[in-house]
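Undergrad: Below: one structure in structure tokens.
Since every read-out is calculated from the coordinates, none of them should be taken as a lab result. Predicted model only: the values in this text are computed from it and were never measured. Virtual Cβ from ideal backbone geometry, glycine too; neighbours counted across all protein chains shown.
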Amino acid sequence: MRRLYSSLVDGRGFDLCLIGVPLAFLIVLSGLPLVYNVVMSFQAVDMFSLGSFIRPWVGFQNYRELVAQPEFWPIMGHTATFLAASIAGQFLLGFALALFFWLDFPGASWLRGLFLVSWVMPGLVVGAVWNWLLSGDFGVFNFVLRELHVISGNVFWRSDPTFALWSVIIANIWLGTSFNMILLSVGLSSIPADLYEAAELDGAGALTRFWTITLPMMRSTIGALISLGLIFTLQQFDLFAAITSGGPNNASNVAQYWAWDLSFKQYDFAKGAAISVIMIAVVMLASVYYVRSTRHEVRG
Amino acid sequence: MKQIVFSGVNKYYGAFHALKDIDLAIDKGSFVALVGPSGCGKSTLLRSLAGLEKITGGDISIAGEVVTALPPRRRDVAMVFQSYALYPHMTVEENLTYSLKVHGVSKAERKRAAGEVAATTGLSGLLHRYPRELSGGQRQRVAMSRAIIRNPKAFLFDEPLSNLDAALRVHMRKEIRALHDRLGATSVYVTHDQIEAMTMADHVVVMRAGVIEQQGRPLDLYDKPANKFVAGFIGSPAMNFIPATVEEGGRVTVDLGAGPVELAVAVAAPVGARVLIGIRPEHLTLTAPGDGRLVAAVAFTESTGFTTFVSTATTPELMVVETGRRAVASGDRVGLAFDDASVHVFDAETEQRL
């Protein structure tokens with residue numbers, strides 16, 4: 001009894017308590033719903049069986065039906081486009097900005113801080129703002145493109161099937177760029193300055209230094225950022241809800257929005273769960289990559 | 001032939017004047033140490049030579065070519081950094097051959113050059129390791145090999161030994177000097193450690209507050225310091241200074257409280273001028289109280305086995321270094337003997353040698 005007490009106060013028991021509390025929290029609020037979701041994707045669920053946990057087991061029936069739906073592959077394609085374009089846009093713009101602010105001109109840190117404003121804003125608000133910007137007849141975006149002679153007539157970004165998905169991508173890039181920039185700035189500033197001096201003395205010009213010092217030294221930061229970007233982008237729901245609602249005719253529908261639509265609009269909870277499970281698998285892979293990148297930090 | 005010439009070099013950081021009219025010429029093949037307390041400008045001078053700092057005025061030339069406006073990569077100098085600045089994501093071999101790769105040397109040629117240099121610096125077995133897998137001494141060797149492989153016009157060292165432990169430091173001191181002699185290189189070596197400067201260099205440059213206080217051969221600096229600062233900085237433990245006043249006929253007497261003692265030195269200064277008498281601790285010898293020229297009480301003693309450091313309870317406190325062990329304890333009265341030829345005299349106002 002006494003040993004148990006001392007272990008709880010200062011010892012193994014105390015450590016277990018410290019880990020136990022957040023672990024219990026995670027299990028109850030994340031783990032169980034996750035398991036419930038996976039189980040549900042293998043069951044037949046309707047409005048009447050929604051309240052019970054024991055439901056008819058149907059195996060991969062939900063998945064088969066899902067894949068057989070005509071909109072399945074287009075939506076998966078949109079999801080892939082959304083992921084690739086958003087991550088590429090956010091990363092490239094973020095890296096360009098991070099390099100720009102790295103020059104450390106007067107006021108650089110202030111300006112960099114201001115950029116974070118976009119990331120602090122709720123997705124629905126950002127969506128509403130971009131609704132106005134992208135508006136077909138009075139939008140600023142069209143105005144700018146027209147004045148630059150990029151387009152001749154108005155583009156109806158949100159209702160034209162060709163552009164609907166891209167209107168959400170543009171808003172999402174705007175939303176995520178600053179987060180990329182901040183993480184990349186941190187990565188840049190952790191590269192010791194004397195490495196650049198050594199490389200400069202070794203005869204390397206600015207571009208060579210970027211390719212042989214900056215990029216390899218940023219490898220773990222970039223790996224972590226891309227996998228975080230993948231997770232955040234797969235979570236991006238608000239912008240779809242605010243800008244296109246997945247329309248027109250699924251032209252801008254993506255997996256995460258479709259899952260919500262199936263579950264809470266069409267009340268087909270089993271198929272909604274099945275999509276979520278597919279997304280969980282993708283996110284899991286990204287998480288493994290993320291953990292590996294952060295573990296492989298190269299530091300002298 | 002002069003390999004490196006600084007003429008009238010000035011450097012400002014905003015209003016701070018870091019280098020003040022530096023004139024310095026370095027012979028080809030010589031080993032020059034820049035030494036001084038931290039903040040004296042020695043590193044700034046070295047970095048200006050490398051091109052990592054832009055100088056505000058004056059000119060720098062390397063091997064006859066004015067390089068003031070050239071970027072570091074066009075100056076053909078190699079630098080060993082205090083932190084070594086090894087590329088952490090590259091193996092030892094890649095670190096060594098980075099400069100060759102940048103200059104478009106073929107892969108086979110790079111491999112051969114790396115093998116050759118590694119053999120001379122004892123890195124042959126480590127070529128495929130990463131810097132994080134090396135000890136401090138090995139990293140130091142990689143940093144030097146990276147400089148050697150380029151065969152540059154000059155080697156610049158920025159306190160390269162300060163991250164090593166004492167024993168390794170003494171060893172690397174000899175190794176760097178031997179390497180310099182073998183390569184016939186021109187080396188500029190920055191250090192705050194006067195022992196490194198004295199033991200390694202052919203030519204020592206003592207700096208303070210952006211000014212060269214004195215330069216010359218190490219032993220000349222020791223024997224004839226140009227001012228009080230150099231006298232106190234070169235030599236360990238530091239020189240003792242006793243205030244005194246010039247009397248009739250240029251005579252100088254010192255008084256440690258036991259009566260005035262006249263020194264056999266003639267000082268060319270007006271009567272009444274205040275001066276500082278400098279005597280190195282190793283030039284003072286302990287005697288019986290009556291036999292020496294000065295009498296003092298012992299404040300405390302420190303012995304390292306081979307040498308004994310004795311501090312006196314006088315104003316100012318004097319330090320005496322004796323070889324061997326002395327049976328003196330604090331409170332003992334001792335005599336201090338010295339040769340007048342080893343006495344230095346400095347002006348108390350200007351601190352210049354008289």
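Undergrad: Hey, what angle do you get for helix B:107-121 against the long axis of chain B, alpha-carbon based, 0 to 90 degrees rounded to 10?
TA: Once rounded, the angle reads 20 degrees.
Undergrad: Quick one: pull the percentage of alpha-carbon pairs in the protein assembly as shown with a separation above 38 Å.
TA: Value for the protein assembly as shown: 59 percent of Cα pairs lie more than 38 Å apart.
Undergrad: While we're on this one: Pairs of Cα atoms under 8 Å, at least six residues apart: use those to get the relative contact order of segment A:72-223, whole percent.
TA: Over segment A:72-223, the number comes to 31 percent.
Undergrad: Which semi-axis lengths, in whole Å and largest first, follow from the square roots of five times the eigenvalues of the Cα gyration tensor of segment A:192-238?
TA: 33, 9, 7
Undergrad: Further, regarding this structure: Let me know the charge dipole size of the protein assembly as shown about its Cα centre in debye, to the nearest 20, where only the beta-carbon of Lys, Arg (+1) and Asp, Glu (-1) is charged.
TA: Numbers: 54 positive and 55 negative charges, 362 e Å.
Charge dipole of the protein assembly as shown: 1740 debye, to the nearest 20.
Undergrad: Hey, another quick one. Please compute the contact order of chain A in relative form: average sequence separation of alpha-carbon pairs under 8 Å and at least six residues apart, divided by the residue count, as a percent.
TA: Answer for chain A is 25 percent.
Undergrad: How large is the helix-only mean residue ellipticity at 222 nm for chain B, computed as the sum of -39500 (n - 2.57) over DSSP H runs with n ≥ 4, divided by its residue count, in deg cm²/dmol to the nearest 500?
TA: Theoretical 222 nm ellipticity from helices: -7000 deg cm²/dmol.
Undergrad: Roughly how big is segment A:70-295's charge dipole about its Cα centre, with Cβ charges of +1 (Lys, Arg) and -1 (Asp, Glu), in debye to the nearest 20?
TA: It comes to approximately 360 debye.
Undergrad: Would you please give the FRET efficiency between A:Arg55 and A:Ser152, computed as 1/(1 + (r/R0)^6) with r the Cβ-Cβ distance and R0 = 51 Å, to the nearest 0.05?
TA: For A:Arg55 and A:Ser152, the calculated efficiency is 0.35.
Undergrad: Also, quick follow-up: In chain A, if every C-alpha pair distance is counted and binned at 10 Å from zero, what percent goes to each bin?
TA: With 10 Å bins starting at 0, P(r) equals 6, 20, 25, 23, 17, 8, 2, 0, 0.
Undergrad: With point charges of +1 on the Cβ of Lys and Arg and -1 on the Cβ of Asp and Glu, referenced to the Cα centre of segment A:70-295, which listed residue (A:Val140, A:Ser185, A:Gly153) lies farthest in the positive direction of the dipole?
TA: A:Ser185
Undergrad: With no solvent and one point on each alpha carbon, what is the Debye value of log10 I(q)/I(0) for segment B:197-354 at q = 0.12, 0.15, 0.18 Å⁻¹?
TA: Log-scaled intensity ratios, in q order: -0.56, -0.85, -1.13.
Undergrad: Name the residue from B:Ile212, A:Gln90, B:Phe346 whose Cα lies farthest towards the positive end of the charge dipole of the protein assembly as shown, charges +1 on Cβ of Lys and Arg and -1 on Cβ of Asp and Glu.
TA: Final value for the positive-end residue is A:Gln90.
Undergrad: Also, quick follow-up: Could you give the angle, 0 to 90 degrees to the nearest 10, between helix B:166-183's Cα long axis and the longest principal axis of the Cα atoms of chain B?
TA: 60 degrees
Undergrad: Related question: Once the dipole of the protein assembly as shown is set up with Lys and Arg at +1 and Asp and Glu at -1 on Cβ about the Cα centre, which of B:Ser330, A:Thr208, A:Asn37 lies farthest towards its positive end?
TA: Of B:Ser330, A:Thr208, A:Asn37, it is A:Asn37.
Undergrad: Also: Measure nothing but the geometry: give the 0 to 90° angle between the long axis through the Cα atoms of B:92-102 and the longest principal axis through the Cα atoms of chain B, rounded to 10°.
TA: 70 degrees
Undergrad: For a footprinting-style exposure proxy, rank B:Met144, A:Met279 by other Cβ within 10 Å, fewest first.
TA: A:Met279, B:Met144
Undergrad: Further, regarding this structure: Could you pull the Rg and Dmax for chain B, using just the Cα atoms, both in Å?
TA: Reported Rg and Dmax, both Å: 24.5, 79.
Undergrad: Long-range amide H contacts for B:Phe300: which residues qualify at under 5 Å (H placed 1.01 Å from N, peptide plane, sequence gap of 5 or more or a different chain)?
TA: Sorted by chain and number, the residues that satisfy this are B:Ser311.
Undergrad: To the nearest 20 Debye, how big is the dipole of segment B:240-347 about its Cα centre, given +1 on the beta carbon of each Lys and Arg and -1 on that of each Asp and Glu?
TA: Once rounded to the nearest 20, the dipole reads 180 debye.
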